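The values are calculated or read from the model by the stated rules, or taken from the named source; none is laboratory data. Computed from a prediction, not measured in an experiment: that's the story for all the values here. All Cβ positions, even for glycine, are placed from backbone atoms using ideal geometry, and neighbour counts span all protein chains on display. With ligands, DNA and RNA removed, areas are computed over all heavy atoms of the protein, side chains included. Shrake-Rupley method; radii C 1.70, N 1.55, O 1.52, S 1.80 Å.
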Amino acid sequence: MSRLFPHVPRQNLRYLALLLIPALAILPLPDFWITQLNYIGLYSLVSLGLVLLTGVGGLTSFGQAAFVGIGAYTSAYLTVNMGMSPWVTVFAGLAITAVSALMVGWLTLRMSGHYLPLATIAWGLSLYYLMGNLDALGKYDGILGVPALSVGGLDLSSGRPFFILVWCMVFLGAFALLNLLDSRTGRAIRSLKSATQMAEAMGVNTLQHKIGIFLIAALFASVSGWLFAHFQRTVNPSPFGLKMGIEYLFMAVLGGIGHVWGAITGALFTKVMEDQLQVLLPQLIGTSGSYEVIVFGIVLVLKYLPDGSWSLVGRHFPVPQRVNTWFKAEALPERSKPALGEVVLDVQKVRKQFGGLVAVNDISFQIKAGQIVGLIGPNGAGKSTTFNLITGVLGLTSGAVKFRGEVISGIPSREIALRGMSRTFQHVKMIPDMTVLENVALGAHLRGNKGALSAMLRLDREEENRLMREAARQLERIGMADHMHDLAGNLAMGPQRLMEIARALCCDPALLLLDEPAAGLRHKEKQALAGVLRQLRGEDVSILLVEHDMDLVMDVTDHIVVMEFGTHLMEGTPQEVQQSDKVRAAYLGTEH
Ligand code: ADP
Ligand code: MG
């Protein structure tokens, strides 16, 4: 393909697949199958949104059918009662959907755990009863006589023309999602399921991204509803109830939640299975095809295909290797760094109490630009807690933290990241199914600004290349360029920790905080880490290093602060600390 069209970027060649859709429509398929495929296309659109929301973002919604209903009812009402064109009313439907999704999302997405699914059930139910009880919407009879979609006299609302319309929409929707997931915003979205704390530390506003994918999923559903209304030529509440909301979720799960193309195979499976079971089951067990048996069928499929139906198809496609498109990209701008010797971090009598336990007891110390300061102490001394107080993960009980002269205590960690503080985690936090390069690029989140829309339309490539160039550069800097295209989850512990350092460096930090970077490393890997730290010192990066490995600490730090039981025991140069009787006693008294 790419040889036929040498000047078109490879990514864009997939749009040629759209030409297959009219080609399929010309084939002598029975009309029955065209109709079935039209429904499958309508379902796929909703399911695509759910792949993004639930599969990738980890947010479960049973309420998508209600958004389909909003799209359908808005267009039906406005075309029938106001005589408006369906090509206009689609936007009215999208606008009403957007407003309701933003409202529902704003109210519910802060809730954790099971509250979100419950809230979406409540939303689905209430909208269903609203549609069924409003006189203006024809109560449970709905609205009849919805006009057909047409272009220049050509009726698009049935059979093959509708097939072309709906499947072009499905494919364009799928391409848009694939583009989105492969972007700056996409990496932030992919962090929502399992790594929100890390993403916030990289400057990602996770609530905003959750609301964003809730909105996008609702808009996909709304478009499906609009098409549905003009396909059926009538609307009533029943296809928009909770039962359908559950079914949409099944489709996404059956497809192999998290795979964009799975949305289509899931819709296909569900529709075919529903039809088959409705014929088959009354013969087998004598009841009419009730809902439980469909659930039963779905459970069977999941038992034999735990990764969803897309895994049947997807395993035949190789994972595409990312091509180096960034070698010509311009470097990202860098922030102005504090002058050598200037106080970067000023920790002033910070205190943290957990109930009666004083984990950090009025600790004060400073870090000057270009210094590597070690924070050491026996287990449970309060090092990680101090670290979390500085980075904004925990709130202070009292005291203050000043960063580059500005008080930062009390502000969220993503805003601290914006001011130039970057960190790694004691327990590695990453997105295992993203490549090392993508994980590291998440660190550069704040150095770009392209959002979801430009990603979907691929208008973000120049910025994306600049971000990738930076991520690749940081990986080279710490000697991990060879692992760039590996999945992060496949790395051993040592490279994982180095990857976290590269990610933190991608923020272009004025201060880097490392929490036990050598924990769990083998001797060789520790030496590599020490090499990286020495190299960073040579580049005048300021670092706060929490570490257990005394050889490493003595080797790379300029200054050491020792904590014991939450208190400040002493501080000084590595020699002074080594010779201190107090420090020796503290360590002897506990673990050594
Ligand atoms: P270190 O990193 O030096 O090993 P930590 O800062 O993790 O020590 O812990 C200091 C003390 O605070 C320990 O006694 C620990 O049990 C306690 N602690 C830490 N986090 C919490 C928390 N979220 N709730 C209650 N106690 C905590
Ligand atoms: Mg710790």
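Brief remarks follow.
- DSSP-defined antiparallel bridges as percent of all bridges, the chain, nearest 5: 60 percent
- Ranking 273, 198 by solvent-accessible area of protein heavy atoms (1.4 Å probe, all protein chains present), from largest to smallest, gives 273, 198.
- Note on the range 59-107: the alpha carbon radius of gyration divided by the globular reference 2.2 N^0.38 Å gives 1.23.
- Net length available on complete extension from residue 36 to residue 362 is 110.4 nm, with 0.36 nm assigned per residue and the Cα-Cα distance removed.
- Remark on the range 13-240: ratio of C-alpha radius of gyration to 2.2 N^0.38 Å is 1.06.
- Percent RCO, i.e. relative contact order, over the range 433-508, from Cα pairs under 8 Å lying at least 6 residues apart: 54 percent
- Helix 242-256 axis, angle to the chain major axis (alpha carbon atoms, nearest 10°): 60 degrees
- Taking amide hydrogens as placed 1.01 Å from N in the peptide plane, the amide H of residue 344 sits under 5 Å from those of 367, 368, 369, each at least 5 positions away in sequence or on another chain.
- Split the chain at each of the GluC sites (Glu not before Pro) in a DSSP loop with at most 11 other beta carbon atoms within 10 Å, and the longest piece is 1-329.
- Accessible surface of the range 433-508, 1.4 Å probe: 50 percent of it comes from carbon and sulfur atoms.
- Every helix of 4 or more DSSP H residues in the chain counts as -39500 (n - 2.57), and over all residues that averages to -16500 deg cm²/dmol at 222 nm.
- Rounded accessible area of residue 567 (nearest 10 Å², 1.4 Å probe): 50 Å²
- Potential extension, residue 133-residue 14 segment - 0.36 nm per residue separation minus Cα distance: 38.3 nm
- Probe 1.4 Å, protein heavy atoms only - accessible area per residue of the chain in square angstrom: 44 Å²
- Placing a pseudo-label 7 Å from each Cα along the Cα-to-Cβ vector at residue 406 and residue 316 gives an inter-label distance of 5.5 nm.
- Reported value for the chain: 197 Å³ per residue, from the convex hull of its C-alpha atoms.
- Rounded to 10°, Cα long-axis angle of helix 206-232 versus longest principal axis of the chain: 10 degrees
- Accessible-area ranking of 358, 541, largest first, probe 1.4 Å: 358, 541
- The length gained by stretching the chain between residue 539 and residue 280 to full extension, at 0.36 nm per residue less their Cα-Cα distance, is 86.1 nm.
- Accessible surface of the range 43-118, 1.4 Å probe: 75 percent of it comes from carbon and sulfur atoms.
- Amide H partners (placed H, <5 Å) of residue 425, local residues excluded: 515
- Principal-axis analysis of the Cα atoms of the chain puts helix 31-50 at an angle of about 20° to the longest axis.
- Normalised contact order of the chain, rounded percent, pairs of Cα under 8 Å and 6 or more residues apart: 16 percent
- For the set 114, 445, the ranking by accessible area, highest first and with no ligand, DNA or RNA atoms included, is 114, 445 under a 1.4 Å probe.
- Within the full protein context, the accessible area of residue 209 is estimated at about 30 Å² for a probe radius of 1.4 Å.
- Convex hull per residue volume in Å³, alpha carbons only, for the range 433-508: 80 Å³
- Accessible surface of residue 219 - all protein chains present, 1.4 Å probe, nearest 10 Å²: 50 Å²
- Highest mean first, the peptides 57-69, 23-35 sorted by other C-beta atoms within 10 Å per residue fall in the order 57-69, 23-35.
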